[in-house]
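Here's the structure, in structure tokens; my notes come after.
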Amino acid sequence: MIKFYKLLILSTVAMIIISGCQSKANTQVEIKMKSEEEQKEIVDTYTFDDYKKVFDEAVSEANKLEDDEQLRKWIIRTLAQEKVYFETDLTDVQVIELSKQAMERDKVWKSIAKNEYGIIVTDEEIDHYIKEGPDTSDLPQHLAYADALGLSLEELNHDFDRDIYEKNVIWLKLKPKLEKKYATTDNNQQVERFEKEVKKQLN
């Protein structure tokens, strides 16, 4: 379960990054990622203290940029991704714009899953998923994230990041429908084709 949980988290991160790269034409932000080697080295070598510094800075900067609680959450995520994975240094305006787009994309993603595919998940299903996976995490980035926000791991998972895990539970139910619709069991192809549906509705 933990291995699959990590995979889904990485997929979520990728979706957030993709949403930033596919900005509307008049606000396009070209994001250059660190090399695969650099990213792997970070994953392999970063300690709790390294991640704590990243998230402390992200939280501090986000608090200065935005008062709205929901948008601030996405700004923290954008800033954390920038600090760890981006070669590109984003301006404050770009950070806010990318965060707004990621937040809107998330809403549309879930809306399509519900309205077009009939996917509905309950609070009980989300809580069960979190308890079985995220609540048992000992990943340094996960623990540092909670600490930087002044939350317990459970508070981070069940409240602050609940929207991410809701999306993961939706995806587990959505995959069989996408597999049938697109006649492929390849996860990357399923993600890519569903993202096209999301992009179409956003444009």
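The values are calculated or read from the model by the stated rules, or taken from the named source; none is laboratory data. It should be emphasised that the depicted structure is a prediction, and the values quoted were computed from it without experimental measurement. Reconstructed Cβ throughout: ideal geometry from the backbone, glycine too, with neighbour counts over all protein chains shown. Only protein heavy atoms, including side chains, enter the accessible area calculation; ligands, DNA and RNA are left aside. Shrake-Rupley method; radii C 1.70, N 1.55, O 1.52, S 1.80 Å.
Brief remarks follow.
- Computed label-point distance, nm, for sites VAL43 and LEU172 using a 7 Å Cα→Cβ extension: 2.2 nm
- Options [x] -0.28, -0.62, -1.16; [y] -0.27, -0.63, -1.34; [z] -0.33, -0.73, -1.26 - which one matches log10 I(q)/I(0) by the Debye sum over Cα atoms at q = 0.08, 0.12, 0.17 Å⁻¹ as calculated here: [y]
- Highest-MSF residue in the chain out of ASN188, ASN168, ASN157 [GNM, Cα springs under 10 Å]: ASN188
- Sequence ranges 115-128, 83-96, ranked by mean other-Cβ count within 10 angstrom, highest first: 83-96, 115-128
- Derived scalar couplings ³J(HN,Hα) [segment 184-194; Karplus, 6.51 cos²θ - 1.76 cosθ + 1.60; whole Hz; x for Gly, Pro]: 8, 9, 6, 4, 4, 5, 4, 4, 4, 6, 5
- Cα gyration tensor, segment 92-140 - rounded (a/c under 1.5), prolate or oblate: oblate
- For the chain: accessible area per residue (Å², 1.4 Å): 55 Å²
- Amide H contacts under 5 Å for PHE86: LYS34, restricted to partners 5 or more places along the chain or on a different chain, H placed in the peptide plane at 1.01 Å from N.
- You can think of it this way: the chain between LYS114 and ASP138 has 5.4 nm of extra reach, that is 0.36 nm per residue less the Cα-Cα gap.
- Dipole axis of the chain (+1 Lys, Arg; -1 Asp, Glu on Cβ), positive-most option in LEU90, VAL121, LEU153: VAL121
- Net dipole in debye of the chain [+1 Lys, Arg Cβ; -1 Asp, Glu Cβ; about Cα centre; nearest 20]: 1160 debye
- With 0.36 nm allotted per residue and the present C-alpha distance subtracted, the GLN70-GLU179 stretch has 36.0 nm of extension available.
- Segment LYS107-LYS32, length gained on full extension (0.36 nm per residue, minus Cα span): 24.4 nm
- For segment 119-201, carbon and sulfur atoms together expose 49% of the accessible surface, with a 1.4 angstrom probe and every protein chain in place.
- Segment 68-151 shape via C-alpha gyration tensor axes, a/c threshold 1.5: oblate
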